[in-house]
2 protein chains.
Amino acid sequence: MQKASLPKGTRDFSPQVMARRNFIVDTIKSVYTLYGFEPIETPAMENLSTLTGKYGQEGDTLLFKILNSGDYLKKADQDALNTKDSNRLISSISDKGLRYDLTVPFARYVVQNQTEISFPFRRYQIQPVWRADRPQKGRYREFWQCDADVIGTISLICEADFIDIYHKVFTTLGLTNYQVRINHRKVLEAIAKTIRFESSFTDLTIAIDKLDKIGWDGVSKELISKGLDASNIAKLKTLLTVQPFNESTINQIESQLIDCPEKTTGIQELRQVLAYSNLQNIHIALDLSLARGLDYYTGCIFEANIEDSPIGSVSGGGRYDDLTGIFGLKDVSGVGISFGLDRLYDIMLHLDLFKESIQQTKLLFCHFDSKGQSHCLTLANALRNSGLTSVVYPDNKKINKQFDYANKSGFKWVAVVGDNEISNHTVQLKNMETGKQEEVSQDSLIEALS
Amino acid sequence: MQKASLPKGTRDFSPQVMARRNFIVDTIKSVYTLYGFEPIETPAMENLSTLTGKYGQEGDTLLFKILNSGDYLKKADQDALNTKDSNRLISSISDKGLRYDLTVPFARYVVQNQTEISFPFRRYQIQPVWRADRPQKGRYREFWQCDADVIGTISLICEADFIDIYHKVFTTLGLTNYQVRINHRKVLEAIAKTIRFESSFTDLTIAIDKLDKIGWDGVSKELISKGLDASNIAKLKTLLTVQPFNESTINQIESQLIDCPEKTTGIQELRQVLAYSNLQNIHIALDLSLARGLDYYTGCIFEANIEDSPIGSVSGGGRYDDLTGIFGLKDVSGVGISFGLDRLYDIMLHLDLFKESIQQTKLLFCHFDSKGQSHCLTLANALRNSGLTSVVYPDNKKINKQFDYANKSGFKWVAVVGDNEISNHTVQLKNMETGKQEEVSQDSLIEALS
């Protein structure tokens, strides 16, 4: 006998969990749809050549690789086999891997389908991704991303759209304590110039990305050790303070930065995003410490988190000027965001935001004998033809067993049919939530349920 | 530069294809839901021990195996490495595989979650599966199955439910020329006894499974070569003729079979399914040649196909008495069916059954300058707040370019805003399907669109 078990870091989703996850996914889908995004899907497996080298060296080791079919050792690298060099052997015994995110597959999709796509192309994509990360609380080896991107325009209307989308998604989910933070890569570059640290730009971003974890003292120490002049630390600290995203903050930052092309572009674009947005009620802040995978983003950068929750960011995004370049389509600018479904789920569970009524309303027909059961079949079919979910208890068991099942399986309604009810053309209808029970005629059953 | 390409046998789905696939999936989901089935999902990866040995020897070779992470060669079977024995090496360098179907993961799920499940458990599951099959027309390496199963009851009401479900799914999809065929494993066993061939039962089912391909002459030849008495061939042929599924056919078959326990059970169960069903308008036939993976099914067997289509069966299913036994949960009977999403899609495309209106209704705001564009942003937000999908053309391009984009991207409506419209508080609204254009006030825009 085999033990039923799952690979670590992976999960099953029960009907109750599915109903909650679907509530989140449906909310995100409907908001994306309102803004004209349309769904695409790409395969779970990509060629390893598509994935390798796109996520840094660590990313390459976290890719799940699929063993080639058939006699895969026939073409295996003999030297790598002899020296038992696992890393070097991979490319000769595996040519496919599981997708690691939705962004690289999307770039591949756009290039491969460029003649059929009319740009600007607005797509959303909600699918699982896989990473061979060490599983831990809130981190899974199979998890879901919910991406939306506009590709083929440099218009900052898109950035304004995404700010709106954040607001609509979070408030619809009941996550009213959300905070969106915005930054601009060019402003960050202007900061580096202002503190005369532009030659160590990567050191700067690596350090400030740790602000959350090691605090300002830690960041200062690290930057001083990398050669940043102590007199510039104070200036940097002022600039990196999270502030409201509005005209006066932008003016103030503008005045603190030395003149350079990056400042001109960055400040002007932030102003334009502001002009395109109606920020009333929207919780957004300007956070010049936001760096997030800068190799990748070239313009605005977004991150969102939920206050009072133990989990960090639930979404990130930004503008990238050359995502499709690696696959041969140059000079196509895009901007996008991605929600982490599993993190949203964990936070909503933690904050007790799921209503129990998310599951389908459904009715169970209960009976005392085969005659009653047959009668129920007819009634159930009539309900289904009116679009109401109903199930006839399939076995001949005691009525309390049937009620027990209704309770455990989340049936809101139970209709009991015995000989009296058959003669009277009625059912005993019980609302399992309120406990209220009444005899209703078969003809008015649909009405009584709605 | 890298070429953008996909692993063979896998596909991207564009927004247009997604809209069509979602139409099929949503139809199946809503019918499953009407009958009280609830969704679960299981991970793409399962432990190889869960999958291996469940699909026959060929199945094992068709499983996609995932290379262990890290220094996987460290624990590799040294003998297998030395002899370059690909097959033998697998278990030491791979402990996970991609799921091959949804049935085995479901059995694993039920056993693993048995304490939380209340039986009978009605679940549906719509997810991709992966098989390293040789790709060919209509056969993919990643494809979708849409399964529903009831587990934990022997009641034949479930079989009657599935017959109803077939009818509702096919007619809702517009596949009115469907045909469901039903058989019963025990009747097939009684046939083997009747023609005195019970000791070669597997040979019998293997041969009759080929009836579609090699015809009756081929089947006879094969069975005679396996030792079937020629005088019984005619008897078998009569029994295996497809007939209406009704009381008189069942009586007639009953009279042709020799008495045995299998006959008693099989005939009685078919009669009971008939009694539970309202077969008016339902296209169902009794096909005693239907064998489908008999190792697995123990009671009723189903198969469905669409007439006038070049593709074989689009769904199969049946009752199994001991699916969860391999994982240690004995004596739990279940019954289920599975639709092949990709086959349904291919057939509906072939029969031209997709309506072009499946995609979301959406409106594009077009403009002549930045002033008009800004005005459009406000109008678009108002529409979105009323639940209408709208997009502001993000760039400042010539109006015919904007119309061109609207056409290619499937916008049903275009609203043009120039200086006159701003002054008049109106838009020029064009229906891109009819070509009709009129000036409507901003306040009545929502009304005009619905």
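Look at the alpha carbon pairs under 8 Å that are at least 6 residues apart: their mean separation over the length of chain B gives a relative contact order of 15 percent.
For chain B, adding -39500 (n - 2.57) for each run of n ≥ 4 DSSP H residues and dividing by the number of residues yields -12500 deg cm²/dmol at 222 nm. Each Lys and Arg contributes +1 and each Asp and Glu -1, all at the Cβ; summed about the Cα centre of the stretch A:183-338, the dipole is approximately 200 debye. The accessible-area ordering, largest first, of the residues B:His283, B:His350, A:His367 stands as B:His350, B:His283, A:His367, per a 1.4 angstrom probe. Could you estimate the translational diffusion coefficient of the stretch A:320-384 from the Stokes-Einstein equation, with Rh from the Kirkwood formula over C-alpha pairs, at 25 °C and 0.890 mPa s, in whole µm²/s? In µm²/s, the coefficient rounds to 138. Excluding same-chain neighbours fewer than eight residues apart, the lysines reachable from A:Lys330 by a Cα-Cα span under 16 Å are B:Lys3.
Taking B:Glu438, B:Glu58 and ordering them by how much accessible surface each has at a 1.4 Å probe, largest first, produces B:Glu58, B:Glu438. Computed over chain B with a Gaussian network model linking Cα atoms closer than 10 Å, the most mobile of B:Ile214, B:Ile126, B:Ile347 is B:Ile214.
Calculated from the alpha-carbon coordinates, the stretch A:360-449 shows an Rg and a Dmax of 11.6, 31 Å respectively.
Mean-square fluctuations from a GNM of chain A, with a 10 angstrom spring cutoff on Cα atoms, peak among A:Gly372, A:Gly435, A:Gly266 at A:Gly435. GNM remark for chain A: springs join alpha carbons under 10 Å apart, and the peak mean-square fluctuation among A:Thr176, A:Thr434, A:Thr52 falls on A:Thr434.
Only the Cβ atoms of Lys and Arg (+1) and of Asp and Glu (-1) were treated as charged; on that basis the dipole of the protein assembly as shown about its Cα centre amounts to roughly 1360 debye.
Placing unit charges on each Cβ (+1 for Lys and Arg, -1 for Asp and Glu) gives chain A a dipole about its Cα centre, and among A:Ala19, A:Ser92, A:Pro261 the Cα reaching farthest toward its positive end belongs to A:Ser92. Taking every lysine pair in the stretch B:178-307 that is 8 or more places apart or spans two chains, those with Cα atoms closer than 17 Å amount to 15. Remark: accessible area buried at the A-B interface is about 8400 Å², both chains counted, probe radius 1.4 Å. Sequentially through the stretch B:247-259, phi angles give Karplus couplings (6.51, -1.76, 1.60; θ = phi - 60°) of 4, 6, 5, 4, 4, 5, 5, 4, 6, 8, 9, 6, 5 Hz, Gly and Pro residues having no value and appearing as x.
Between the stretch A:150-170 and the stretch A:14-48, the C-alpha centres lie 18 angstrom from each other.
Under 15 Å between alpha carbons, and skipping anything fewer than 8 positions from A:Lys75 in its own chain: which aspartates and glutamates qualify? Within reach: A:Asp95, B:Asp85. What is the percent of Cα-Cα separations in the stretch B:104-188 that go past 16 Å? Taking all Cα-Cα pairs of the stretch B:104-188, the fraction more than 16 Å apart is 70 percent. For the protein assembly as shown, the residue among B:Trp413, B:Leu228, B:Ile151 whose Cα projects farthest onto the positive side of the dipole built from Cβ charges is B:Leu228.
Heavy atoms only, probe 1.4 Å: what % of the accessible area of the stretch B:360-449 goes to carbon and sulfur, would you let me know? Here carbon and sulfur together make up 44 percent of the probe-accessible area. Rounded to whole numbers, the Karplus 3J(HN,Hα) couplings from phi for the stretch B:378-391 are 5, 5, 4, 4, 4, 4, 4, 5, 9, x, 9, 5, 9, 10 Hz, using 6.51 cos²θ - 1.76 cosθ + 1.60 with θ = phi - 60°, and x at Gly and Pro.
Listed by chain and number, the lysines placed with their C-alpha closer than 22 angstrom to that of B:Lys412 are A:Lys29, B:Lys355, B:Lys362, B:Lys397, B:Lys398, B:Lys401, B:Lys430, B:Lys436; residues fewer than eight positions away on the same chain are left out. Taking +1 at the Cβ of each Lys and Arg and -1 at the Cβ of each Asp and Glu, which of B:Thr103, B:Ser199, B:Gly325 sits farthest along the dipole of the protein assembly as shown towards its positive end, judged by Cα position relative to the Cα centre? The listed residue farthest towards the positive side: B:Ser199. Residues whose amide H lies under 5 Å from that of A:Phe119, counting only those 5 or more places away or on a different chain, are absent; hydrogens are built 1.01 Å from N in the peptide plane. Rounded to the nearest 20 debye, the dipole magnitude of chain A is 1040 debye, with +1 charges on Lys and Arg beta carbons, -1 on Asp and Glu beta carbons, and the Cα centre as origin.
In the stretch B:360-449, Cα pairs under 8 Å separated by at least six residues give a relative contact order of 30 percent.
Excluding A:Asp164 itself, calculate the net charge of residues whose Cβ lies under 15 Å from the Cβ of A:Asp164, where each Lys or Arg counts +1 and each Asp or Glu counts -1. Every neighbour counted, the sum reads +1.
Averaged per residue, chain B has 42 square angstrom of accessible surface, using a 1.4 angstrom probe with ligands and nucleic acids left out. Our Cα-only numbers for chain A put the radius of gyration and Dmax at 28.4, 93 Å. When the accessible area of the stretch B:178-307 is computed with all protein chains present and a 1.4 Å probe, what percentage of it is carbon and sulfur? Carbon-and-sulfur percentage of accessible area, whole number: 46. Beta bridges assigned by DSSP with both partners in the stretch B:178-307 are antiparallel in approximately 75 percent of cases.
Electrostatic bookkeeping for B:Asp71 treats Lys and Arg as +1 and Asp and Glu as -1; over the other residues with beta carbon under 10 Å from its beta carbon, the sum is +2. Note on the stretch A:178-307: along the principal axes its Cα atoms extend 43, 34, 27 Å, ordered by decreasing extent.
Interface residues of the stretch A:27-41, defined as those with an accessible-area decrease of at least 10 Å² between the chain by itself and the complete set of protein chains (probe 1.4 Å), are A:Thr33, A:Leu34, A:Tyr35, A:Gly36, A:Glu38, A:Pro39, A:Ile40, A:Glu41. Taken along its three principal axes, the alpha carbon spread of the protein assembly as shown comes to 100, 75, 53 Å, from the longest extent down to the shortest.
For the stretch B:291-338, accessible area lost to neighbouring protein chains reaches 10 Å² or more, against the chain alone with a 1.4 Å probe, at B:Ile326, B:Phe327, B:Gly328. Taking the C-alpha atoms only, the angle from helix B:230-239 to the longest principal axis of chain B is near 40 degrees.
For the stretch B:146-180, a decrease in accessible area of 50 Å² or greater in the assembled protein chains relative to the isolated chain, with a 1.4 Å probe, applies to B:Ile157.
The values are calculated or read from the model by the stated rules, or taken from the named source; none is laboratory data. Please read all numbers here as calculations on a predicted model, not as lab measurements. In this analysis, Cβ positions are derived from the backbone assuming ideal geometry, glycine residues included, and neighbour counts consider all displayed protein chains. For the accessible areas, the whole protein counts, side chains as well, though only heavy atoms, and no ligand, DNA or RNA atoms are used. Shrake-Rupley method; radii C 1.70, N 1.55, O 1.52, S 1.80 Å.
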